[in-house]
Amino acid sequence: MPPVLQVRDLQVSYYTDSGRARALDGVTLELNPGEKLGLVGESGSGKSTMALAMMRMIKPPGRIEGGQVIVGDTDLMALSEEGMRKSRLSKIAYIPQGAMNSLNPVLRIGAQMIDAIRAHNPSESRAGAQERCLSALESVDLKRGVYKMYAHELSGGMKQRVCIAISILMRPQVIIADEPTSALDVVTQRQVMETLDHIQHQLGCAIILIGHDMGLMAQFVDKVAVMYAGRLMELSSVREMFTDPKHPYAQALIRSLPSLENKGVFQGIPGLAPSLLRLPSGCAFNPRCTFVMDVCKSTVPAFLPLPPSERRVACHLYTTGDAEAMSVSTRAATPTEKV
Amino acid sequence: MAPLLELKNVTKTYSRGLINRTSNTALSNISLTIDEAEPTIMTVAGESGSGKTTLAMLLLGFTTPTSGTIFYKGKDISTLHGEKRMSFRREVQAVFQDPFAVFNPFYTVDHLLSVPIKKFKLAKTKAQARDKMDEALTAVGLRPDDILGRFPHQLSGGQRQRINVARALVLKPRLLIADEPVSMVDASLRANILETLRSLQRDHGVTIIYITHDLTTAYHISKSIIVLYRGGVMEAGDVDKVIKTPQHPYTRLLIDSIPWPDLSRRWGETELKAKEPEGGEKTTGCRFAPRCPYVMEQCKTPPPLFQLNRTQTASCFLYGANPELEPERLSELLPV
């Protein structure tokens, strides 16, 4: 099956008064239909920039400086502004962070949903559009009555589900959900995630879930991509990530998770995330890494596959060590476990 | 010795409307004693709307209870004046959820630390004030030279939240109320802040009330836990017992809904009856009954607290065979 989403070498920079911040630096990933990918990282690592870049919604002083985002067989970066507007929601949908606060308080839910349909399909009959809205509401487990309600009449979880309903109106192939449950409590969070799961099965679309809660990732996604300072550090299946993380940053992330066994043991990741304006040379993680080597301070590690699995890691520990070895010719370098 | 802070049958209702008066009970009949002698960490857990922030506001004296009384060292806090009130204000401190909102962007962070020192006249000279600030910042694991003189936007969320803890620490409080202190910081920084809170309790003898909806961190940091739902205590006791062997159906639902970072522990062991009842404000019986999978005829009357064992109690008729516990005696069950 061909991948439904291909992101190739995506580059985004923000131009600020104090210099250029490379928020995304050559991000490459693929997603198959029906796959759920989790994108994790600390705040400022570029997760939300990634989502916005895929939607082509980066605003100045930010700029998309290169790369491709291919959904199905369309390169979104090559589309005209009008073509991109049509593609949003019908090819790729985005549920922004705190989406539930983005509903218009003075319009009924129904009017806001019809709005979305009209923007794509002005000729659709009112009755047809309404029927589509109602079935979207039903598929996110809301009553039809919600169509006639206002945002303030709904709870946080219900508002979040309305936003999911809007995102599926035009049956997109990819849905990006940016921390959809960060303000909700655990029970509501579980309902919203189960709704997303159910939608994904119904539409067969791919989902990118952005967040920093590894627990949520363990429960929901198939693959996890770990992001740090605008680059992908590791991309693995969720099982590999939790049982055998490869990148030192991913290892620290997994180790810092609380569990019921080791009560009272807190393991943070020492050090602070680097400023994107002043990235350390070489691997961005090198000042916080416990396995740091000389090569880490001079050369940026490439994001290479780690045979025999399909996972990819950007770390010098898994190349043969010297800078030349990272060139394309030795991509199949054997993983050397130095733990 | 008199307890530091004591809540006696405290109820808080918010009402609105002049003619069609509607009221909403945020907290009903809560009794709680916080002892000064043995510093502990107690968690108050619950979902949004459970009344946990109302409880924090009451403990801090920001709002007054509708009925019931709050005592500070044996004196009703609504009658405190002058010196007594100042000492209450100093000894009961808070750390709030949002580390971004509490700073004034026009001042350096020194301001946040120096204002309480001035207000409470803790230092005679500038050098002494500076020493106090240094000491507090060091205690929360920050380097004073890196922090003082900087503006809030130059610091990370984790650093700011630790400065908030340092601010509370400058005043040498007896009780710290931490309302969701880590919910807005990254997972990797959470550990640092929780560790800071714990060392505060251990090394500085501060009792901490940790208010959260995150039961995983609650389990790791606290000794005892009180689970609230719509203003009532559902379950309380030793945190190990409550988290590992939850008894009340609501606590079980909560714990089953935690997204454990563990592939062998999946969601969905408890059937989720998630739908909030439509307009279900007016329940006379158990508050959780409309969502409870085990609902019985009895549940139309409000269940009292039943004592399950030495350190655990639940407000549910499923445990009706156990001895009843008067709400006033709740604190006796909580280990310190």
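The values are calculated or read from the model by the stated rules, or taken from the named source; none is laboratory data. Being a predicted model, the structure only gives us computed values, none of them experimental. Cβ sites come from the backbone with ideal geometry, for glycine too, and all protein chains shown count toward neighbours.
Taking each residue of the range A:230-244 that is more than 14 Å from chain B (Cβ to nearest Cβ) and touching a residue at least 40 places away in the same chain (Cβ under 8 Å) and looking for partners that are in a helix (DSSP H, G or I) and among the aliphatic types (A, V, I, L, M) with beta-carbon atoms closer than 6 Å, six or more apart or interchain, yields A:GLU234/A:ALA250. B:LYS241 fails exactly one of the following numbered conditions: (1) surrounded by fewer than 23 Cβ atoms within 10 Å (Cβ to Cβ); (2) under 21 Å from B:ALA94 (Cα atoms); (3) touching a residue at least 40 places away in the same chain (Cβ under 8 Å); (4) more than 16 Å from the chain's Cα centre (by Cα). What is the number of that condition? Condition (2) is where B:LYS241 drops out. Across the range B:124-174, the number of residues qualifying as part of a loop (DSSP other than H, G, I, E, B), of a type in the set (A, V, I, L, M) and modelled with pLDDT under 85 comes to 3. Pairing residues of the range B:45-67 that are more than 19 Å from A:ASP185 (Cβ to Cβ) and away from chain A (no Cβ under 14 Å) with residues that are β-branched (Val, Ile, Thr) and part of a helix (DSSP H, G or I), at Cβ distances under 7 Å and at least 6 apart in sequence or on separate chains, gives B:GLY61/B:ILE77. For the range B:160-179, a residue qualifies if it is under 20 Å from B:GLU91 (Cα atoms) and either within 12 Å of chain A (Cβ to nearest Cβ) or of a type in the set (Lys, Arg) (or both), and the qualifying residues are B:ARG162, B:ARG167, B:LYS172, B:ARG174. Is there a residue being modelled with pLDDT of 85 or more and closer than 30 Å to A:MET227 by Cα anywhere in the range B:198-209? No, because not a single residue in the range B:198-209 is modelled with pLDDT of 85 or more and closer than 30 Å to A:MET227 by Cα.
The sole residue among A:VAL140, A:VAL187, A:VAL226 that is within 14 Å of chain B (Cβ to nearest Cβ), modelled with pLDDT of 90 or more and surrounded by 18 or more Cβ atoms within 10 Å (Cβ to Cβ) is A:VAL226. Scanning the range A:277-299 for residues that are in contact (Cβ under 8 Å) with a residue 40 or more places away in the chain, crowded, with 17+ Cβ neighbours inside 10 Å and more than 13 Å from chain B (Cβ to nearest Cβ) yields A:LEU279, A:ALA284, A:CYS289.
For B:LEU253, are the conditions met, namely being within 11 Å of chain A (Cβ to nearest Cβ), modelled with pLDDT of 85 or more and touching a Ser or Thr at 6+ places or on another chain (Cβ under 9 Å)? Criteria met by B:LEU253. Give the range B:310-336 a look and list any residue that's farther than 13 Å from B:GLY237 by Cβ and either free of Cβ contacts under 8 Å to residues at least 12 places away in the same chain or surrounded by fewer than 17 Cβ atoms within 10 Å (Cβ to Cβ) (or both), or say none. Within the range B:310-336, B:GLY320, B:ALA321, B:PRO323, B:GLU324, B:GLU326, B:GLU328 qualify. Looking at the range A:126-133, is at least one residue outside any helix (DSSP H, G or I), more than 14 Å from chain B (Cβ to nearest Cβ) and surrounded by 14 or more Cβ atoms within 10 Å (Cβ to Cβ)? The answer is no, given that none of the residues of the range A:126-133 is outside any helix (DSSP H, G or I), more than 14 Å from chain B (Cβ to nearest Cβ) and surrounded by 14 or more Cβ atoms within 10 Å (Cβ to Cβ).
Note on the range A:81-107: residues that are without any contact (Cβ under 8 Å) to a residue 12 or more places away in the chain and under 19 Å from the mean Cα position of the chain (by Cα) total 0.
Checking each residue in the range A:194-215 for being within 18 Å of A:LEU137 (Cα to Cα) and more than 8 Å from every other protein chain (Cβ to nearest Cβ) picks out A:THR195, A:LEU196, A:ASP197, A:HIS198, A:ILE199, A:GLN200, A:HIS201, A:GLN202, A:LEU203, A:GLY204, A:CYS205. Residue count for the range A:1-37 satisfying the condition of being within 28 Å of A:GLN202 (Cα to Cα), in contact with a Lys or Arg (Cβ under 7 Å, 6 or more places away or on another chain) and crowded, with 18+ Cβ neighbours inside 10 Å: 2. Selection of the range B:1-44 for residues being over 18 Å from B:LEU59 (Cα atoms) and among the basic types (Lys, Arg) yields B:ARG16, B:ARG21. Scanning the range A:165-203 for residues that are assigned to a loop (DSSP other than H, G, I, E, B) and within 25 Å of A:GLY110 (Cβ to Cβ) yields A:ILE168, A:LEU169, A:MET170, A:ARG171, A:PRO172, A:PRO180, A:THR181, A:ALA183, A:LEU184.
Residue count for the range B:204-249, restricted to those that are part of a helix (DSSP H, G or I), out of contact with any Lys or Arg (no Cβ under 9 Å at 6 or more places or on another chain) and not polar (S, T, N, Q): 6.
Restricting the first member to the range A:247-260 and to residues that are at the interface with another protein chain (Cβ under 7 Å from one of its Cβ atoms) and polar (S, T, N, Q), and the second to residues that are surrounded by fewer than 18 Cβ atoms within 10 Å (Cβ to Cβ) and part of a loop (DSSP other than H, G, I, E, B), the beta-carbon pairs closer than 7 Å and six or more apart or on different chains are A:SER256/A:GLN267; A:SER259/B:ASP262. Within the range A:186-201, residues that are among the hydroxyl-bearing types (Ser, Thr, Tyr) sit with their Cβ atoms under 7 Å from residues that are buried (at least 21 other Cβ atoms within 10 Å of the Cβ), at 6+ positions apart or across chains, in these pairs: A:THR188/A:GLY157; A:THR195/A:VAL140; A:THR195/A:ARG161; A:THR195/A:ILE164. Please state which one of B:PHE100, B:PHE62, B:PHE71, B:PHE106 is surrounded by fewer than 21 Cβ atoms within 10 Å (Cβ to Cβ), aromatic (Phe, Trp, Tyr) and assigned to a strand (DSSP E or B). Unique residue meeting the criteria: B:PHE71. Scanning the range B:45-62 for any residue that is in contact with a helix residue (DSSP H, G or I) (Cβ under 8 Å, 6 or more places away or on another chain), at pLDDT 85 or above and among the β-branched types (Val, Ile, Thr) turns up nothing.
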